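Below is one structure, written out as structure tokens, with a few remarks after it.
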Ligand SMILES: [Zn+2]
């Protein structure tokens, strides 16, 4: 069997791994490329094999950089099964149609304002395409091995990270292969730790934070400091956040802060219909996170939900200090763009990032200290404070990844390091070689390797 790396090489987006056994083709993850234009253009590239020759797609989790290419794969002819955990399926039901809608809006906007170089600008896929692809899903529980063909079996194990996220083990008569997907953290505020795996012949491990260790600061204290100084200036805090995972952990931290009595009046708005729906799904999978039903109630009721577009726009006219959480997390799209246009030019406000900002995204640009950022073809001045709390991360850092890997009883024959920008991937490779003495390899885009 061969593995071909169709994404997440030298970047954190576009996760897609093709396993080709001749008579059976399997795709692990089906993610969109995001961020830099040269990466986004890869979404338009021809798929290396006919999509209708792929038998099964397996998703490690619902984030779009792991699932968002699926509507296009179906549009181009894929007719097999999509396997994932039940929570991943529920999250995909909201994330994928929204992704289609955003792409339609983005291309529509570009055509109206004619800032796109392509005339007319086309969406990669539409909301309707995304809804269609959902009929190919077959949810599969954790810890249950399933036979895909006479030679291939698959099993999901909890990865922490976000609701439904799994480590994927593929077993064939000649080898086993484990994909970490995105690896969670041992002490996440709301997610359970990733389960340990003790053997694999081949391993594909993510390296988002392969060159870093998260600060061990109390995130509630950090949030307090930022909100306190912003409110004292009479400003508001805008938090671009992934609707799945990050928004819920932020709500939990804000609820804890409110409960501590350290902040007075602190209106919190969750302005993303998708985040609201994802929050509901959280309640439906009580065994998959740390929150008790009471925690869920306290967390998810301490906030005002904004569903309507009109109400979202009205927020930008409010004069009182407030906290707005809105998608997307790297400010690549979504309602948060309108809030950035309204709040970023005023030095009283704070734009607070709480997650990894991939190269080329507006988030990365703003964190690098840029004084303007382009939104909908317009240069928007950035006078607001731009802050970052990385301790919210749902990805293990270098130390935590090494700790998780140390539970393997024997070294894999080969460990492929993916899902990291070049420095992070290289740093994790060196750390694994130094600490565990394993054979590691950094695959290149479209590289094929015989297993
Ligand atoms: Zn993820």
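The values are calculated or read from the model by the stated rules, or taken from the named source; none is laboratory data. Quick caveat: nothing in here was measured; it's all calculated off a predicted structure. Reconstructed Cβ throughout: ideal geometry from the backbone, glycine too, with neighbour counts over all protein chains shown.
Observations, loosely collected:
- Within the stretch 312-331, the residues that satisfy the criterion of being in a helix (DSSP H, G or I) and touching a residue at least 40 places away in the same chain (Cβ under 8 Å) are 312, 315.
- Taken as a whole, the stretch 12-30 holds at least one residue that is buried (at least 24 other Cβ atoms within 10 Å of the Cβ), modelled with pLDDT under 95 and part of a loop (DSSP other than H, G, I, E, B).
- Hits in the stretch 373-397 - residues which are within 16 Å of the ligand (Cβ to nearest atom) and in a strand (DSSP E or B): 397
- Taking the criterion of being under 18 Å from residue 145 (Cα atoms) and either part of a helix (DSSP H, G or I) or touching a strand residue (DSSP E or B) at 6+ places or on another chain (Cβ under 6 Å) (or both), the residues of the stretch 71-88 that qualify are 81, 82, 83, 85, 86, 87, 88.
- Options 365, 354, 299; residue that is under 23 Å from the mean Cα position of the chain (by Cα) and over 23 Å from residue 217 (Cα atoms): 365
- Pick from the stretch 321-336, criterion modelled with pLDDT of 95 or more and surrounded by fewer than 22 Cβ atoms within 10 Å (Cβ to Cβ), ranking: nearest to residue 11 (Cα to Cα): 322
- In the stretch 344-369, residue nearest to the ligand (Cβ to nearest atom) [restricted to those that are surrounded by fewer than 14 Cβ atoms within 10 Å (Cβ to Cβ) and closer than 26 Å to residue 424 by Cα]: 368
- Any hit, the stretch 332-341, residues being in a loop (DSSP other than H, G, I, E, B) and more than 22 Å from residue 105 (Cα to Cα): no
- Residue selection: residue 400 satisfies the criterion of being modelled with pLDDT of 95 or more, within 16 Å of the ligand (Cβ to nearest atom) and either surrounded by fewer than 19 Cβ atoms within 10 Å (Cβ to Cβ) or under 30 Å from residue 176 (Cα atoms) (or both).
- Failed criterion for residue 119 (all others in (1) at pLDDT below 95; (2) within 16 Å of the ligand (Cβ to nearest atom); (3) farther than 23 Å from residue 282 by Cβ hold): (2)
- Applying the condition of being under 13 Å from residue 165 (Cα atoms) and part of a loop (DSSP other than H, G, I, E, B) to the stretch 43-67 and asking which residue is nearest to the ligand (Cβ to nearest atom) yields 63.
- Any hit, the stretch 99-110, residues being more than 16 Å from the ligand (Cβ to nearest atom), in a loop (DSSP other than H, G, I, E, B) and either in contact with a strand residue (DSSP E or B) (Cβ under 8 Å, 6 or more places away or on another chain) or touching a residue at least 40 places away in the same chain (Cβ under 8 Å) (or both): no
- Identity of the residue in the stretch 230-247, more than 14 Å from the ligand (Cβ to nearest atom) and assigned to a helix (DSSP H, G or I), that ends up farthest from residue 297 (Cα to Cα): 232
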